[in-house]
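The structure under discussion appears below in the form of structure tokens.
The values are calculated or read from the model by the stated rules, or taken from the named source; none is laboratory data. Just so you know, these numbers come straight off a predicted model, no measurement behind them. So basically every Cβ, Gly included, is an ideal-geometry build from the backbone, and we count neighbours across all protein chains shown. Note: areas computed on protein heavy atoms with side chains; ligands, DNA, RNA excluded. Shrake-Rupley method; radii C 1.70, N 1.55, O 1.52, S 1.80 Å.
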Amino acid sequence: MKKNPFPASDLDRRYLWEMLVNRDIKAFVSQDWSMVQDDFIAEGFMGIDAGKQDNVDKWALKYPSLESYKTEWLSQAEEFAKMDLVEDKEDAFHRVTILQDIEIQGNFALLHKKFFGPMQKKDGGEIETDWQTLYRCKKVGNEWKIVGFTGYMPLIPKSADTAKDIGKFLPKNASQHKTAGPYAPVLEVNPGKLVVISGQASIDREGNVIGETIEEQTAYTLDNCALQLATAGCTFQDVFKVNVYIKDLKEWPRFNTVYKNYFTEPKPVRTAVESGLLMTLRVEVEMWAVKK
């Protein structure tokens, strides 16, 4: 989600989101460390690399200093710059980045930043981003600074299905009309465990509606879907059925512009209906997933 989801009255969380989402993405895509160098406290900085492993004994102190982290950050940014993506790189990062949980006690904060879903490459490949990072921050004066983090913790348990073991398939002779949207007409589902999530909307943990436009609400809604799926060890790749309830079907093309980037082929089958929704919600999404 590109727009800051926290209200104007929540200055601290708005500042932290801007620092660790918007500014961080812009700097990384631009390979410009100077954009974020003042967001850190060098003294006592420590970065832990979980290596996407559940076993904490295998987590390593990979960045014992801010300088060591800067070196790795620049190296990864350079490698990322060489990749050709289907969508704009900043847009891709915003789509897979979820930062909703920020705990603040006094002048200290703990941020749960999650990365969910693939970035599509022009050569047909994917960049998987299913992990999470815990950032530790401290307020100095009127500004928040990063004092350390634990990164690359697995978001999906390793026992969960992977992209190589998906329980859904597009039948060989399946077809649909030329004007069809980003969905499959039919999927064959292997026998296994079903995971069903209730309708999700653009609502934060406090029950507040986030976003005013259909694009903003769609992005936040799909982020909430991702978080629910992850608790059951599923990703969007495991989803085979989507039901969409939209307040105004005139906004359907705008909804699809956001939605289509969250799924790889074969996309889930889908049904959409115009429906009255609570509060100022513009869309609600329900998903069914399968795991062996």
Out of all the residues in the stretch 56-67, is one or more part of a helix (DSSP H, G or I), open to solvent by less than 50 Å² (accessible area, probe 1.4 Å) and at pLDDT 95 or above?
-> yes
Taking THR235, is it within 15 Å of the chain's Cα centre (by Cα) and among the polar types (S, T, N, Q)?
-> yes
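Only one of these is among the acidic types (Asp, Glu), within 20 Å of PHE6 (Cα to Cα) and open to solvent by 60 Å² or more (accessible area, probe 1.4 Å): GLU216, GLU212. Name it. Spell out the reasoning first.
Values: GLU216 fails: open to solvent by 60 Å² or more (accessible area, probe 1.4 Å).
Answer to the selection: GLU212.
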Scan of the stretch 68-101 for residues that are hydrophobic (A, V, I, L, M, F, W, C) and either open to solvent by less than 90 Å² (accessible area, probe 1.4 Å) or at pLDDT 95 or above (or both), ordered by number | TRP73, LEU74, ALA77, PHE80, ALA81, MET83, LEU85, ALA92, PHE93, VAL96, ILE98, LEU99
Of those in the stretch 238-286 that are acidic (Asp, Glu) and more than 25 Å from LYS3 (Cα to Cα), the residue nearest to the chain's Cα centre (by Cα) is ASP238
Boolean, TRP33 is under 21 Å from ILE146 (Cβ atoms), at pLDDT 95 or above, in contact with a strand residue (DSSP E or B) (Cβ under 9 Å, 6 or more places away or on another chain) and open to solvent by less than 60 Å² (accessible area, probe 1.4 Å) = no
Lone unmet requirement of (1) surrounded by fewer than 12 Cβ atoms within 10 Å (Cβ to Cβ); (2) closer than 30 Å to LEU222 by Cα for ILE104 = (1)
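Looking at GLY167, GLY148, which is the one that is more than 21 Å from the chain's Cα centre (by Cα), modelled with pLDDT under 95 and buried (at least 16 other Cβ atoms within 10 Å of the Cβ)?
On the way: GLY148 fails: modelled with pLDDT under 95.
Answer to the check: GLY167.
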Is it true that PRO182 is modelled with pLDDT under 90 and either more than 20 Å from the chain's Cα centre (by Cα) or open to solvent by 50 Å² or more (accessible area, probe 1.4 Å) (or both)?
-> no
In the stretch 249-288, how many residues are among the acidic types (Asp, Glu) and in contact with a helix residue (DSSP H, G or I) (Cβ under 8 Å, 6 or more places away or on another chain)?
-> 3
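Mind checking which residues of the stretch 3-18 are assigned to a helix (DSSP H, G or I), surrounded by fewer than 20 Cβ atoms within 10 Å (Cβ to Cβ) and touching a residue at least 12 places away in the same chain (Cβ under 8 Å)? Lay out the reasoning, then the answer.
Here is the first cut: in the stretch 3-18, the ones assigned to a helix (DSSP H, G or I) are 11-18.
Now drop any that are not surrounded by fewer than 20 Cβ atoms within 10 Å (Cβ to Cβ), which leaves 11-12, 14-15, 18.
Hits for the stretch 3-18 are ASP12, TYR15, GLU18.
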For the stretch 218-227, state whether one or more residues are more than 18 Å from ALA184 (Cα to Cα), touching a Ser or Thr at 6+ places or on another chain (Cβ under 9 Å), part of a strand (DSSP E or B) and modelled with pLDDT of 95 or more.
-> no
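Across the stretch 36-55, which residue is farthest from the chain's Cα centre (by Cα) among those that are in a helix (DSSP H, G or I) and surrounded by 12 or more Cβ atoms within 10 Å (Cβ to Cβ)?
Among residues in the stretch 36-55 that are in a helix (DSSP H, G or I) and surrounded by 12 or more Cβ atoms within 10 Å (Cβ to Cβ), the one farthest from the chain's Cα centre (by Cα) is GLN37.
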Scanning the stretch 107-145 for residues that are β-branched (Val, Ile, Thr) and within 16 Å of the chain's Cα centre (by Cα), which turns out most open to solvent (accessible area, probe 1.4 Å)?
-> ILE127
If we keep just the residues of the stretch 226-283 that are over 24 Å from ASP130 (Cβ atoms) and of a type in the set (Ser, Thr, Tyr), which is least open to solvent (accessible area, probe 1.4 Å)?
-> SER275
Please state which of the following conditions ARG205 fails to meet, knowing it meets all the rest: (1) modelled with pLDDT under 90; (2) under 16 Å from ALA272 (Cβ atoms).
-> (2)
